[in-house]
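This report concerns only the one structure given below.
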Amino acid sequence: MRKETLIKHVIHVVQEETNIKDLKKISRERQHVDARRIAYYIFRNLHGMSFQAIADIFDKNHASVLHSLKDIEFFIKFDKEFSFIYNKCLTKLSSGEMRREEIKSEIRELARELRTIKYW
């Protein structure tokens, strides 16, 4: 999976599971902060991205990402709601369900394009 696609995929899954419309929105609300924290952790631990690379995705400073990730292990262990949402995101990302939907959507788009080309 290409880097741009990976980034969109992870952000989409986290937004969907946390019911956040825009993960990149500037907000200090707990729901937004926790959603970004989950995305940061997935990018850092599952995909090995640097703090700066993650910060660039969200228009943040690398220190903001570092600070956000400082206590995440504690949240995963002791905050049941946070842990539940984090695990739902991991399950969805590892299941390939979103990738299948993405491929189906791409096939439909290519089929529409093919029909347009045939009439030229």
**Fill in**
Across region 24-37, the tally of residues that are of a type in the set (D, E, K, R), in a loop (DSSP other than H, G, I, E, B) and more than 15 Å from the chain's Cα centre (by Cα) stands at 2
**Request:** Assess whether S27 counts as being out of contact with any Lys or Arg (no Cβ under 6 Å at 6 or more places or on another chain), surrounded by fewer than 17 Cβ atoms within 10 Å (Cβ to Cβ), among the polar types (S, T, N, Q) and modelled with pLDDT of 95 or more.
**Result:** no
**Asked** Which one of the conditions (1) more than 23 Å from I103 (Cβ to Cβ); (2) modelled with pLDDT under 95 does R36 fail to meet, given that it meets all the rest?
**Response** (2)
**Prompt:** Tell me, which residue of region 38-58 that is touching a residue at least 40 places away in the same chain (Cβ under 8 Å) and in a helix (DSSP H, G or I) is surrounded by the most Cβ atoms within 10 Å (Cβ to Cβ)?
**Reply:** I38
**Fill in**
Within region 55-95, restricting to residues that are over 14 Å from the mean Cα position of the chain (by Cα) and of a type in the set (G, A, S), the one that is farthest from I26 (Cα to Cα) is S95
**Message:** Suppose the filter is among the aliphatic types (A, V, I, L, M) and at pLDDT 95 or above; does I7 pass it?
**Reply:** no
**Fill in**
Within region 77-114, restricting to residues that are small (G, A, S) and assigned to a helix (DSSP H, G or I), the one that is farthest from R44 (Cα to Cα) is A111
**Prompt:** In this structure, is A55 touching a Cys at 6+ places or on another chain (Cβ under 9 Å), at pLDDT 95 or above and among the hydrophobic types (A, V, I, L, M, F, W, C)?
**Reply:** no
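The values are calculated or read from the model by the stated rules, or taken from the named source; none is laboratory data. In this text the structure is predicted, and so the values were computed from the model without any measurement. Don't worry about glycine lacking a Cβ; one is built from the backbone with ideal geometry, like all the others, and counts go over all protein chains shown.
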